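Only the coordinates and a few stated rules stand behind these numbers; no lab work does. Quick caveat, the model's predicted, so the values are computed rather than measured. Glycine also receives a Cβ, built like all others from the backbone with ideal geometry; neighbour counts cover every protein chain displayed.
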């Protein structure tokens, strides 16, 4: 078992035990430093599941900044007091750091979260990881224990803060859980009736039972954010606009591929390329990846950290991806009209490489 370390990393997120976890981490750093003479430091790190590309994500960034600021303030307060609640006169200074990681990645699985945290820990020589027992890295998805298992593979000491969990009991379900249940039940029930092909009493009853079982099992883990009627209606409306556009792109690509097949010289130039899209979130990334695959001439092979791995048949299909029309259309569906006004992937790559200045985005409406 690794020796106790005063160099600690704490993944953070808003939870009922966040405050107590902060207190435990800073006091552990000071205790171990007092016993071993190590230089104590605690790093509070927030792994994000989105990429900050333009002003449409500023509210999420502000929320993260507020959470990290809470951690710093609480840590400073706890260092001023000893374990008995009295003012501390210990001459041990604990360094407190905060950071955001994962902005340049797609963080989906427990392994993705563990990887960015371990990279941060290796770069800063942090030997111990303390985890908030109520921390939810994947939103509402149950990913804490798998993430802890991935972190433990590194050989670092990984532990949950021994804090008392706050169990909230209520006779009435929360509005967030009700909205998740309603959307899950409606989608499952509608899909069942669609597959059955006949609206009969038997199908309605069995469909309702099946949808109820699916809702009970999956409703609370299938949504990162609680669905709202307004968001659902707006996304559904924008998706109805997106479908004809996608069909047009599919038809156009079919003609291009047919021309290549019928051409005597078969002018193909197949390549694998990494496509960095300004899209994040399971559903939006899946929509973009499947849209690319449905368009003849391009195939999404994999999602790799901060990008999609795409096989393209011709140079023109690669140019189409670089122009970013499909990416902007998916952004329009999930994030609104203002979110579609961003530089193209080619322009962003040029800025990243330092070969071109960034194109200013228009103000959000």
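Summary of computed values
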| item | result |
| --- | --- |
| Cα-projected label distance for residue 38 with residue 77, points at 7 Å along beta-carbon direction, nm | 2.7 |
| Proxy reagent accessibility, fewest Cβ within 10 Å first, across 332, 232 | 232, 332 |
| Projected label distance in nm at residue 95 and residue 248, using a 7 Å step from Cα toward the beta-carbon | 5.6 |
